[in-house]
Amino acid sequence: MSRSMHRREFLRSSGGLVAGAAAGGLWGGRIASAEQVQVSTPNMEKLGWKMGVQLYTYRRYPFLEAMEKIAALGVRHVELCYFLGYDKARPQLKMNEDLPPDVRKELKDKLAERGMSASAFYADLGTDADKANRIFEFCKEMGTGVIVAEPPANALEMIDKLCQEYNVRVGIHNHPEQKGYTYWRPEGVLEVCKDRSKRIGACCDTGHWVRSGLDPVECLRKMEGRIIGFHLKDAAEMGNRKAKDTILGEGKANYREVLKELKRQGYKGLMTIEYEEDTPSLQDDMVKNVAFVESVAKELAG
């Protein structure tokens, strides 16, 4: 997602979407409301890779609708997003630490019905200690193990202590290069991770590395040992900060080599698709994204 865009730009009314396409053995249709997700990525699981979807992918829908579409992909893990809505009927509710207790319970129950988890949370985490505590408390209650954020360097001592207290990890996310912004390069993230516990690391966004003109495989090598989360993203043009997302494996990120590098490093954990192309074929595109990663995982798993 773009750092320069205001959250209100994402809270648009939803349009129609044609779902129900199948690719690579995945079903893209809807599931019954209480049906448990049938995982579509067994080879990823063999490698210790947990497929997830960042809610920003389905930003035109409130969470309760987006969850249905994610479940239909055969995906159990969701990365919440702090500025997106929960329910069309209650537009004031956003997916963050300000959700009231009754809605949190409702959220947990709805996820549990489908065997799904809010495994990561893209949070507005900064220097405000009270807010940071509430974010970590929210994660503890939701069973969320990874916070994805871009906190300033002077907040990391406080955040690292909270990571120890709550047994939650923080992955520093990278956006494309821009003036005054340091996290676009692996060195910028590694610098603020230096002397911090292993609960502080990177949430690597390969698509944004491509937009910044960086080789994702080389970036991953630099990040070895500090990778906490991963945004699966490919982009159409190298070095163009406005380049569009592509289906995984069809852009400039050299995605087969990206996945091979992650296996070489022994990475195990969340691999979250954040697909920014919101088109009428979104669900079909997401079926293809999931199928691509699973197909490469099958090759790598032997």
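The values are calculated or read from the model by the stated rules, or taken from the named source; none is laboratory data. In this text the structure is predicted, and so the values were computed from the model without any measurement. Cβ atoms come from the backbone with ideal geometry, glycine included; neighbour counts cover every protein chain shown. Side chains are part of the model used for accessible areas, which takes the heavy atoms of the whole protein and leaves out ligands, DNA and RNA. Shrake-Rupley method; radii C 1.70, N 1.55, O 1.52, S 1.80 Å.
If you go through segment 136-146 and keep only what is open to solvent by less than 10 Å² (accessible area, probe 1.4 Å) and either at pLDDT below 95 or over 16 Å from the mean Cα position of the chain (by Cα) (or both), you end up with Phe136, Phe138.
Starting from residues that are touching a residue at least 40 places away in the same chain (Cβ under 8 Å) and closer than 18 Å to Glu157 by Cβ, keep the ones in segment 101-133 and report whichever is farthest from the chain's Cα centre (by Cα). Top of the filtered list is Leu125. Tell me, please, whether a residue that is of a type in the set (S, T, N, Q) and assigned to a loop (DSSP other than H, G, I, E, B) can be found in segment 243-259. There is at least one residue in segment 243-259 that is of a type in the set (S, T, N, Q) and assigned to a loop (DSSP other than H, G, I, E, B). When the residues of segment 226-242 are filtered to those that are in contact (Cβ under 8 Å) with a residue 40 or more places away in the chain and assigned to a loop (DSSP other than H, G, I, E, B), the one that is surrounded by the fewest Cβ atoms within 10 Å (Cβ to Cβ) is Arg241. The criterion of at least 2 residues that are open to solvent by 10 Å² or more (accessible area, probe 1.4 Å) is met, among helices (runs of 4 or more DSSP H) falling completely within segment 147-213, by 156-166, 186-193. Residues in segment 17-75 that are open to solvent by 20 Å² or more (accessible area, probe 1.4 Å), at pLDDT below 95 and not in a loop (DSSP other than H, G, I, E, B): Ala22, Ala23, Trp27. The sole residue among Ala123, Ala112, Ala72, Ala66 that is hydrophobic (A, V, I, L, M, F, W, C) and over 24 Å from Glu276 (Cβ atoms) is Ala112. If I ask for residues that are of a type in the set (Val, Ile, Thr) and out of contact with any Asp or Glu (no Cβ under 9 Å at 6 or more places or on another chain), which ones from segment 169-225 would you list? Listed by number, the residues that qualify are Val189, Val192. Name the residues in segment 168-206 that are among the polar types (S, T, N, Q) and without any contact (Cβ under 8 Å) to a residue 12 or more places away in the chain, would you? The answer is Thr182, and nothing else.
Among the residues making up segment 88-132, those that are open to solvent by 60 Å² or more (accessible area, probe 1.4 Å) and outside any loop (DSSP other than H, G, I, E, B) are Arg90, Pro91, Gln92, Pro101, Asp102, Lys105, Lys108, Asp109, Lys110, Ala112, Glu113, Asp130. Put simply, of Leu248, Leu300 the only residue that is in contact with a Phe, Trp or Tyr (Cβ under 6 Å, 6 or more places away or on another chain) and either of a type in the set (A, V, I, L, M, F, W, C) or at pLDDT below 95 (or both) is Leu248. Somewhere in segment 281-302, is a residue without any contact (Cβ under 8 Å) to a residue 24 or more places away in the chain, part of a loop (DSSP other than H, G, I, E, B), under 20 Å from Asn43 (Cβ atoms) and open to solvent by 50 Å² or more (accessible area, probe 1.4 Å)? Taking every residue of segment 281-302 in turn, at least one turns out to be without any contact (Cβ under 8 Å) to a residue 24 or more places away in the chain, part of a loop (DSSP other than H, G, I, E, B), under 20 Å from Asn43 (Cβ atoms) and open to solvent by 50 Å² or more (accessible area, probe 1.4 Å). Within segment 216-223, not a single residue is open to solvent by less than 50 Å² (accessible area, probe 1.4 Å) and assigned to a loop (DSSP other than H, G, I, E, B).
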